[in-house]
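Notes for the one structure printed next.
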Amino acid sequence: MKVLVYGLARSGRSALERLEERGDEVVVADRSLGNEDDEALLDGVEVVVKSPGVPAEALLVSAAHRRGISVWSEVELGYRLLRDTKIVGVTGTNGKTTTTELLGAIFRAAGREVAVAGNVGTPLTSIRGNEWVICELSSFQLEDVHELACDVAVLLNLEPDHLDRHGSFEAYSDAKLRIFERARAKVVPQGSGLDGIAFSVDDELPAEPLIRGAHNRENAAAATAAARAAGIADEHIAFALESFPGVPHRLELVGERAGVRYVNDSKATNVAAARRALGAYEDEPVHLILGGSLKGEDFQPLADAIGSNVRSVHLIGEAAVELAAVLAEGHRDETLERAVAHAIELAQPGSVVLLSPACASYDQFDDFEQRGETFRRLAG
């Protein structure tokens, strides 16, 4: 068939490679397109495969819908190329990557042939022939699924996020819940009102998780429920829980100097994630770095969560003005470099310098990984 691949970031390039490998006729378009003349690219096209970064309102996507052309996410294409592979899908506002990677560790401990893919970094379309795939699924990826059917589908939590893209919490929630449309087994938070295998942070686990924080215990509980639904024995789950060290940019200890620890939580790109990070260090003196690009969130719940153990707050990026408006105290350091230097000046032995921005990174960095690596360098 003739396919338009729209967006040529990592997942778009992978989709292009697989389609060409399969012998499809492929047209490509990048995200800079935006006038009516570009619609000619759709002539004869049967399917548009859209990268997650391309919004539904983009001109070519809207035009495809008007013409009755199917619009697929890259994970929809990946699923259709993996008909004999079993998929565990993981979504939620926070904790997706940690839970996905933990599930990968559990499956490997059980001797299962498994790949980890999706929003975690490796495109689903690049996976070939594994018995199982653990696939992290964002709301952007779930917007355009049609036949995707998870053997086990996991929802970790639902809190306001990406409101700048979805427009409302209801639209964001609807996108997330699409993971359950054709799922065989559903793993859902206890008390959510959703039907499925319920889990809670207080569920009895086969072992204590190595990774820190109440929120990571909740991630471990969700991973345990999902692994059990996939038929994995508790002994293998326990081994992974006790040995899994976590993932980069999620409460990652990146340095310790003069008795001060430096913790990189750059993946905390929303208020709920930053509040979880604060909870993990509520008994220690903290010098907190906040800010970045705005996503339409209310920062008051974050301000309310900042306890007396937080000795200083350092504000960076375009969100600094809005954050300063709701915080009783905060240093307008503007850049990450100045924020880290200022926090180092103030930090005493036994304290933690915590980068947990509660914001996206696109005002000053390419992505949260680049922001986290910059913090790692500054803390070294």
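Laboratory data are not the source of any read-out in this text; all were calculated from the coordinates shown. Source: prediction; values computed, not measured. Quick reminder, even Gly has a Cβ in these numbers, built from the backbone with ideal geometry, and neighbours come from all protein chains shown.
A few comments on the model shown:
- Annotation: lysines with alpha-carbon distance below 27 angstrom to K267 (same-chain offsets under eight excluded): K50, K96, K176, K186, K295.
- Restriction of the trypsin sites (Lys or Arg not before Pro) in the range 45-94 to DSSP coil positions whose beta-carbon has at most 13 other beta-carbons within 10 angstrom yields R83.
- Taking amide hydrogens as placed 1.01 Å from N in the peptide plane, the amide H of D363 sits under 5 Å from those of S293, each at least 5 positions away in sequence or on another chain.
- Degrees between helix 234-243 axis and first principal axis of the chain (Cα, 0 to 90, nearest 10): 50 degrees
- Net charge dipole size for the range 1-115 [Lys, Arg +1 and Asp, Glu -1 on Cβ; Debye, nearest 20]: 680 debye
- Ordering of 104-117, 197-210, 266-279 by burial proxy (mean other Cβ atoms within 10 Å per residue, highest first): 266-279, 104-117, 197-210
- On Cα atoms only, tilt of 214-229 relative to the major axis of the chain in degrees: 30 degrees
- Here, the range 128-240 yields an orientationally averaged convex hull projection of 8.2 nm² when only Cα atoms define the hull.
- Quotient of C-alpha Rg and 2.2 N^0.38 Å, computed over the range 216-298: 1.35
- Radius of gyration over Kirkwood radius for the range 273-380, both on Cα atoms: the Rg/Rh ratio is 0.92.
- Estimated vicinal HN-Hα couplings, Hz - the range 205-212 in sequence order (Karplus 6.51, -1.76, 1.60; Gly, Pro = x): 9, x, 6, 7, x, 6, 6, 8
- Measuring between their Cα centroids, the range 267-336 and the range 18-39 lie 41 Å from each other.
- Unit Cα scatterers, Debye sum, the range 44-89: log10 I(q)/I(0) for q = 0.30 Å⁻¹: -1.09
- Percent of alpha-carbon pairs separated by more than 17 Å within the range 1-41: 31 percent
- Modelled spin labels at R80 and E36, positioned 7 Å past Cα toward Cβ, are 3.0 nm from each other.
- Divided by 2.2 N^0.38 Å, where N counts the residues, the Cα radius of gyration of the chain comes to 1.02.
- Kirkwood hydrodynamic radius over Cα pairs of the range 293-354, then Stokes diffusion coefficient at 20 °C and 1.002 mPa s, in µm²/s: 173 µm²/s
- 5 angstrom amide H check on S351, placed H, neighbours 5+ away: R261
- Under a model in which nothing but the beta-carbon of Lys, Arg (+1) and Asp, Glu (-1) is charged, the chain shows a dipole of about 660 debye around its Cα centre.
- Note that the range 271-319, at 37 °C in a medium of 0.692 mPa s, gets a Stokes-Einstein diffusion coefficient of 291 µm²/s from its Kirkwood radius over C-alpha pairs.
- Modelled label positions at A9 and A341, each set 7 Å beyond Cα in the direction of Cβ, lie 3.1 nm from each other.
- Using the Cα coordinates of the range 190-329, the gyration tensor eigenvalues translate into equivalent-ellipsoid semi-axes of 32, 19, 12 Å, sorted from longest to shortest.
- Rounded to 5, percent antiparallel among DSSP beta bridges of the range 185-272: 60 percent
- Spin-label pair V27/S168, simplified geometry with 7 Å Cα→Cβ offset, distance in nm: 3.4 nm
- The DSSP beta bridges internal to the chain are antiparallel in roughly 10% of cases.
- Over all pairs of different C-alpha atoms, the range 21-129 has a mean inverse distance whose reciprocal, the Kirkwood radius, equals 16.1 Å.
- Gap separating the Cα centres of the range 216-258 and the range 147-191, nearest whole Å: 21 Å
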